[in-house]
Structure formats: C-alpha cells, structure tokens
Amino acid sequence: MPCSLWPQINKAEYSGVWVYLEREGNRLKDVGLELLGKARDLAQKLGGAEVGGVIVAGTEEMAREAIYHGADKVVIIDNPDLQIYTPVEYAEAIARVVQKYKPEIFLIGATKRGRELAPYIANALTTGITADCTALEIDPKTRDLLQIRPTFGGTYLATIRTPQRRPQMASVGPGVFPKPPRDANRTGQIILEKVEIQKRRTRLVSVEKRLEKDVADLPPVESADVVVAGGRGLGSAEGFKLLIDLAKLLGGTVGATLMAVRAGWAPPTRLIGQTGKTIRPKLYIAVGISGAVQHLVGVTGAKIIIAINPNPHVPMMENADYAVVGDYKQILPLLLEEIKKLKGQ
C-alpha cells in the first residue's frame with residue numbers, strides 16, 4: 001500500500017529516463033556516460049522514451065559530450081554558487097529540475113559523491129532509492145524498473161521495485177555497464193536552467209587530502225587499461241608507493257581493496273569491489289590481495305590478471321591468469337628494474 005504520509009501522484013505524468021551526469025573538473029565522469037547507454041536501453045523498452053541528463057554548473061561542451069553518448073536532452077543547472085559541491089544544495093537544485101521535467105526513471109552513479117547525494121535527492125522527491133544495482137530491467141506490464149542488486153554479503157540477488165512513486169531512482173557503480181560508443185553526429189537539446197537555492201546551509205571547510213594528492217596525476221581506476229592494486233598484504237603505506245611507481249611506469253593507475261583504504265594507505269576513490277568501483281582493464285596486477293568475494297566481483301571484467309602473494313592458495317591467486325608466489329617487496333623492485341631496462345631508461 002502507498003504511504004499515507006506521501007502525496008499521491010499520477011504516474012502517467014512521468015516519462016523518460018534521465019541520468020545525473022557527475023562532473024570532475026572540466027569533464028564528465030565516465031559513469032554518467034555509461035548510464036546514458038543503459039538509459040537508452042531502458043527507454044527503448046518503455047516505447048522509445050526520451051533520454052535526458054542533468055549537469056550541475058557544467059558547460060555546453062559537457063552537454064554535447066552527453067548527447068554524443070546517447071542523451072536526447074541535457075539540462076545544465078546554472079548557478080555560480082554550485083561550482084563547489086555540497087550535498088544539500090546540489091540535491092535541492094537537482095530535485096527542482098527533476099520535478100519540472102518529470103522523468104519516469106532517474107539514475108545516478110554510485111561514486112563517492114553519488115552515494116552521498118542520492119538519498120538527499122530521493123528525500124526531496126519523496127521517492128525511494130535502490131543503491132549499488134548490478135542490473136536494471138523493465139517489467140513490460142507495469143513499466144516498473146526492476147532494480148537488481150546483491151543482498152548483504154552478496155549471496156543472493158534481490159529485485160526491488162518502486163511501484164507507487166515516481167521517479168524510480170537507482171544508483172549503479174562505475175564500470176557496471178559499458179560506455180556507449182561516441183557518435184559526434186548525434187544531435188540533441190541543451191537547456192540552461194537558472195535554479196536559485198536557499199541560503200547555503202553547508203559550511204565549507206578546506207582540508208588537504210594527502211592521499212588524493214599522491215595519485216592526483218593518475219587516471220581513475222574505472223577508465224585505465226592497466227590497474228595495479230594493493231591489499232592488506234602490503235603491510236604499510238610505503239608498499240603503496242611501490243604500486244604507484246609501477247603503475248606510472250606501465251602507463252596505468254592504482255587501486256586498492258577495502259582493507260587498504262580503511263588502513264589509510266589509499267583514498268576511497270581508489271576502492272575496487274562491491275562497495276567501490278567495477279573495473280575492466282586489459283591488465284590487472286593484484287599485490288598482497290587475498291581475494292575476498294567483495295573484491296573479486298569488481299575485477300571479473302579484467303582481461304588478464306597477475307597476482308603476487310606469498311600464499312599460493314588464496315582466492316586471488318587461484319583466480320589469476322598468472323600467479324607469482326613471493327614477497328612483493330622483493331618482486332616489485334626487480335620488476336621495476338626490468339621494465340625500465342626494456343624502456344631504455
């Protein structure tokens with residue numbers, strides 16, 4: 001039964017599949033473009049519904065990029081006060097746009113920011129949100145979005161519906177869906193919406209992020225062809241520096257397990273697994289990673305996996321294409337030296 005505390009809605013007023021397009025500096029994050037590809041698939045199953053995108057304080061160049069990847073319409077929220085991200089103010093602005101255009105489905109990337117922002121938006125829209133979905137489908141009879149995600153512990157898959165509310169909201173992690181091909185011949189509508197928000201209620205605090213600075217010049221884990229990741233077996237933050245050296249030498253990036261992030265050796269943006277990013281690199285090098293299920297589900301798309309661990313029987317070694325048994329502190333310096341020789345450095 002619908003909640004009596006929520007106002008009744010006319011579901012017929014809602015149409016289209018829209019995506020929150022998160023930006024990072026002067027570019028859109030790949031997860032938003034990936035979701036545009038899935039949005040097109042869902043829209044076709046809904047009878048050719050419109051695919052839309054929302055960018056906060058973005059540019060027309062970003063909007064065009066979204067159109068090239070599948071959007072029919074992109075709304076840029078124009079407000080100079082929103083150049084700096086804060087969840088309360090962003091959610092208020094996004095919710096106003098969603099209320100105006102009334103999409104039937106609204107998708108958001110399950111990034112660190114997206115996970116924080118999604119419940120604020122859902123609350124403002126008096127709707128539900130299913131977090132960290134691994135699949136999305138449409139029930140053709142009811143037009144309900146089937147929001148599929150692992151249960152706690154990852155043993156089973158649950159299918160969740162939002163039958164009484166619109167929009168239906170779901171978040172999906174980076175790399176879960178492939179990024180659609182870029183088509184520079186696609187055309188679409190770009191709309192500039194001037195959205196005023198209430199007086200800022202979030203106090204901005206400047207904090208130096210040392211961990212982020214260490215990897216600032218490396219690409220995100222979800223978009224790199226080569227990923228070198230470390231786990232609890234590194235033993236210290238010093239070990240993570242070796243991974244950074246190897247990643248730079250291979251033209252790749254660094255990732256981490258949940259235990260390595262919790263230990264403070266790597267920033268949360270580098271987390272790979274069920275609670276982090278799903279990756280599909282050409283080469284994945286796992287150093288000191290035992291291979292818990294929550295981590296393995298994030299790397300199943302890797303083409304080649306090399307694991308380095310002193311224990312040959314841990315799951316990561318058993319799931320690797322190449323398993324190197326030994327102490328990474330001895331193996332990585334030798335590997336770095338050999339690669340430098342091959343590169344003529």
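Here's the yes/no breakdown for (1) of a type in the set (A, V, I, L, M); (2) modelled with pLDDT under 90:
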| position | (1), (2) |
| --- | --- |
| Val228 | yes, no |
| Ser236 | no, yes |
| Leu258 | yes, yes |
| Pro281 | no, no |
> Would a scan of segment 30-50 turn up a residue that is modelled with pLDDT of 90 or more, in contact with a Pro (Cβ under 7 Å, 6 or more places away or on another chain), of a type in the set (Gly, Ala, Ser) and part of a helix (DSSP H, G or I)?
Replying inline: yes
>> Of everything in segment 48-78, what is β-branched (Val, Ile, Thr) and more than 15 Å from Val195 (Cβ to Cβ)? Give them in sequence order.
In response: Val51, Thr59, Ile67
> Across segment 48-101, what is the total count of residues that are on the phi > 0 side of the Ramachandran plot and touching a strand residue (DSSP E or B) at 6+ places or on another chain (Cβ under 9 Å)?
Replying inline: 2
> Can you tell me which of Gly114, Gly109 is within 22 Å of Glu24 (Cβ to Cβ) and touching a Leu at 6+ places or on another chain (Cβ under 7 Å)?
Replying inline: Gly109
> Assuming Leu271 fulfils every condition listed in (1) surrounded by fewer than 24 Cβ atoms within 10 Å (Cβ to Cβ); (2) at pLDDT 90 or above; (3) out of contact with any helix residue (DSSP H, G or I) (no Cβ under 7 Å at 6 or more places or on another chain) apart from one, which condition is it?
Replying inline: (3)
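Would you confirm, using the coordinates I've provided, whether Ile138 is under 27 Å from Pro220 (Cα atoms) and in the same structural domain as Gly37 (by TED's automatic domain parsing)?
Numbers: under 27 Å from Pro220 (Cα atoms): no; in the same structural domain as Gly37 (by TED's automatic domain parsing): yes.
No: the conditions fail for Ile138.
So, of the residues in segment 18-39 that are of a type in the set (Lys, Arg) and either farther than 16 Å from Val56 by Cβ or more than 10 Å from the chain's Cα centre (by Cα) (or both), which turns out to be surrounded by the most Cβ atoms within 10 Å (Cβ to Cβ)? Even if it seems obvious, please write down each step before you answer.
Within segment 18-39, the subset of a type in the set (Lys, Arg) is 23, 27, 29, 38.
Now narrow it down to the ones that are either farther than 16 Å from Val56 by Cβ or more than 10 Å from the chain's Cα centre (by Cα) (or both): 23, 27, 38.
On the way: Arg23: 17, Arg27: 12, Lys38: 23.
Restricting to residues being of a type in the set (Lys, Arg) and either farther than 16 Å from Val56 by Cβ or more than 10 Å from the chain's Cα centre (by Cα) (or both), the top hit is Lys38.
Restricting segment 302-330 to residues that are on the phi < 0 side of the Ramachandran plot and of a type in the set (Gly, Ala, Ser), which is surrounded by the fewest Cβ atoms within 10 Å (Cβ to Cβ)?
Just the residues of segment 302-330 that are on the phi < 0 side of the Ramachandran plot, to begin with: 302-325, 327-330.
Those still in the list that are of a type in the set (Gly, Ala, Ser) too: 302, 307, 320, 323.
Values: Ala302: 21, Ala307: 25, Ala320: 23, Ala323: 17.
Filtering first and then ranking leaves Ala323.
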> Taking segment 134-153, which residues are surrounded by 16 or more Cβ atoms within 10 Å (Cβ to Cβ) and either aliphatic (A, V, I, L, M) or out of contact with any Pro (no Cβ under 7 Å at 6 or more places or on another chain) (or both)?
Replying inline: Leu136, Ile138, Arg143, Leu145, Leu146, Gln147, Ile148, Arg149, Pro150
> Looking only at residues in segment 184-211 that are in contact with a helix residue (DSSP H, G or I) (Cβ under 7 Å, 6 or more places away or on another chain) and more than 30 Å from Ala71 (Cα to Cα), which one is modelled with the lowest pLDDT?
Replying inline: Thr202
> Within segment 245-254, is there a residue that is within 20 Å of Glu318 (Cα to Cα), of a type in the set (Gly, Ala, Ser) and not assigned by TED's automatic domain parsing to the domain that holds Val31?
Replying inline: no
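The values are calculated or read from the model by the stated rules, or taken from the named source; none is laboratory data. Keep in mind that this is a model prediction, so the values were computed, not measured. Note: ideal-geometry Cβ built from the backbone for every residue, glycine included; neighbour counts use all protein chains shown.
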